[in-house]
Amino acid sequence: MSRERATTLLVDFDGVLRRWDPAVAAGVEQEYGLTEGVLGEIAMSWGLLQPVLTGQVSHAQWMASVSDALTLSVGAERARAAVEEWQRYRGEIDLEVLAFIRQVREAGVRVGLGTNATDQLDADLAALGLTDDFDAVVNSSVVGVNKPAKEYFQAACAALETSPSRVLFVDDEDRSISGARAAGLSAHRWTGPGDLRYLRAALAF
């Protein structure tokens, strides 16, 4: 039995639409005398990351925890300054992916942003000029559960008013792809803009 054709697109943010230049963090670490890679290592440690992705703490509280963890090595003032400078950079948009999203929406395909994010997301979307580019934004910190949980994808489908079998999800992480498929969605593991040709075909666009 063949699957129903997808009529709605759900796209991950970081790693698909937004990219992060690792040179920015490396430059801050060098400037403040921090060990290379330490900012990301601390921030992405699951004990600090999971609470902010599920809305238990704010983005500001998360970053304060990163500063606290750096205090022993460089002192409280320099730790706060380093984190503040690092956070001024909010990533870069892949313009080819954005153009694709805009084209499919113009063709009548509903598009949602499905992301594990913090309460900083709305401000980031505004700063990056993306406020009007999605029919729904499904932020884990608002939903209260993060990808790859089945409940996350159920909430995403509800927000898009589309049954899971009609949603095509795109993400760069294997765990999220597996979670989406377990929840009944079609899912494509993103490797780069070369995948857009496949997505066009899958959406009959």
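Values quoted throughout were computed directly from the atomic coordinates according to the rules given, and no laboratory measurement underlies them. In this text the structure is predicted, and so the values were computed from the model without any measurement. All Cβ positions, glycine included, derive from the backbone under ideal geometry; neighbour counts span all protein chains shown.
The residues of the range 157-205 that are in a helix (DSSP H, G or I) and of a type in the set (Asp, Glu), listed by number, are 174, 195. Checked against the criterion of being among the basic types (Lys, Arg), touching a residue at least 24 places away in the same chain (Cβ under 8 Å) and within 12 Å of residue 6 (Cα to Cα), the candidates 166, 175 yield just one match: 166. Here is the figure for the range 185-194: residues that are crowded, with 17+ Cβ neighbours inside 10 Å and more than 17 Å from the chain's Cα centre (by Cα) total 2. When the range 8-36 is filtered for residues that are of a type outside the set (Val, Ile, Thr), over 24 Å from residue 171 (Cβ atoms) and not in a helix (DSSP H, G or I), the ones remaining, listed by number, are 32, 33, 34, 36. Within the range 87-132, being without any contact (Cβ under 8 Å) to a residue 24 or more places away in the chain, of a type in the set (Asp, Glu) and either over 30 Å from residue 27 (Cβ atoms) or assigned to a loop (DSSP other than H, G, I, E, B) (or both) holds for 106, 132. Yes or no: the range 149-157 includes at least one residue that is of a type in the set (Lys, Arg) and out of contact with any helix residue (DSSP H, G or I) (no Cβ under 7 Å at 6 or more places or on another chain). No: the range 149-157 contains no residue that is of a type in the set (Lys, Arg) and out of contact with any helix residue (DSSP H, G or I) (no Cβ under 7 Å at 6 or more places or on another chain).
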